[in-house]
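A.B. asks: To start, I am sharing the structure in question, which I have written as structure tokens.
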């Protein structure tokens with residue numbers, strides 16, 4: 001196993017053991033959105049607080065496997081304080097990462113993303129694509145966040 005894989009494993013375990021932005025926000029003013037993965041039973045509840053087009057606060061609750069919970073934590077840390085446009089961009093980038101075929105990661109050719117390292121800690125989840133059944137675990141919180149942004153757009 002490479003040093004990079006060891007580092008990624010440590011990042012995932014750190015976010016699983018000590019999740020960032022864990023808790024609830026008062027609703028309203030925050031929006032509460034629920035996500036569920038029926039394949040494995042992962043559940044996530046995302047609380048979003050938006051002010052002037054900026055995701056000023058995000059909290060998460062739920063339970064599930066280490067991949068879903070660490071992805072939730074990584075996501076919350078990555079999007080907090082960003083404009084909604086930046087948040088949508090991160091969602092798109094992350095979903096692209098989750099659709100990169102395994103052979104792209106293992107080959108010497110660069111993946112379709114310009115530079116996976118630009119994702120920072122989120123890149124730790126790139127190995128999930130080697131296990132297609134786990135992709136839904138990794139994207140659960142992201143899909144739930146996207147659903148919440150769509151609900152906020154419908155309100156405005």
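A.B. asks: Are there any strands (runs of 3 or more DSSP E) wholly within the stretch 22-86 with 2 or more residues that are more than 22 Å from residue 138 (Cβ to Cβ) and touching a residue at least 24 places away in the same chain (Cβ under 8 Å), and if so which?
C.D. replies: Strands (runs of 3 or more DSSP E) meeting the threshold: 42-51, 54-63.
A.B. asks: Scan the stretch 1-21 for residues that are in a loop (DSSP other than H, G, I, E, B) and modelled with pLDDT of 90 or more and jot them down. Working first, answer last.
C.D. replies: Kept after step one, since they are in a loop (DSSP other than H, G, I, E, B), are these residues of the stretch 1-21: 1-2, 18-21.
Scanning the stretch 1-21 gives 18, 19, 20, 21.
A.B. asks: Still on this model: Would you check if there is a residue in the stretch 91-99 being in contact (Cβ under 8 Å) with a residue 40 or more places away in the chain and more than 15 Å from residue 124 (Cα to Cα)? I'd like the intermediate steps shown before the answer.
C.D. replies: Quick first cut of the stretch 91-99, residues in contact (Cβ under 8 Å) with a residue 40 or more places away in the chain only: 91, 94-95, 98.
Of the ones still in play, those that are also more than 15 Å from residue 124 (Cα to Cα) are 91.
Within the stretch 91-99 (the criterion being in contact (Cβ under 8 Å) with a residue 40 or more places away in the chain and more than 15 Å from residue 124 (Cα to Cα)), the answer is yes, since at least one residue qualifies.
A.B. asks: Now for a different question. How many residues does the stretch 36-73 hold that are under 18 Å from residue 20 (Cβ atoms) and touching a helix residue (DSSP H, G or I) at 6+ places or on another chain (Cβ under 6 Å)?
C.D. replies: 16
A.B. asks: With respect to residue 13, is the statement that it is in contact (Cβ under 8 Å) with a residue 40 or more places away in the chain and farther than 15 Å from residue 142 by Cα true? Please lay out each step first, then the result.
C.D. replies: Details: in contact (Cβ under 8 Å) with a residue 40 or more places away in the chain: yes; farther than 15 Å from residue 142 by Cα: yes.
So residue 13 passes the test.
The values are calculated or read from the model by the stated rules, or taken from the named source; none is laboratory data. Keep in mind that this is a model prediction, so the values were computed, not measured. Cβ atoms come from the backbone with ideal geometry, glycine included; neighbour counts cover every protein chain shown.
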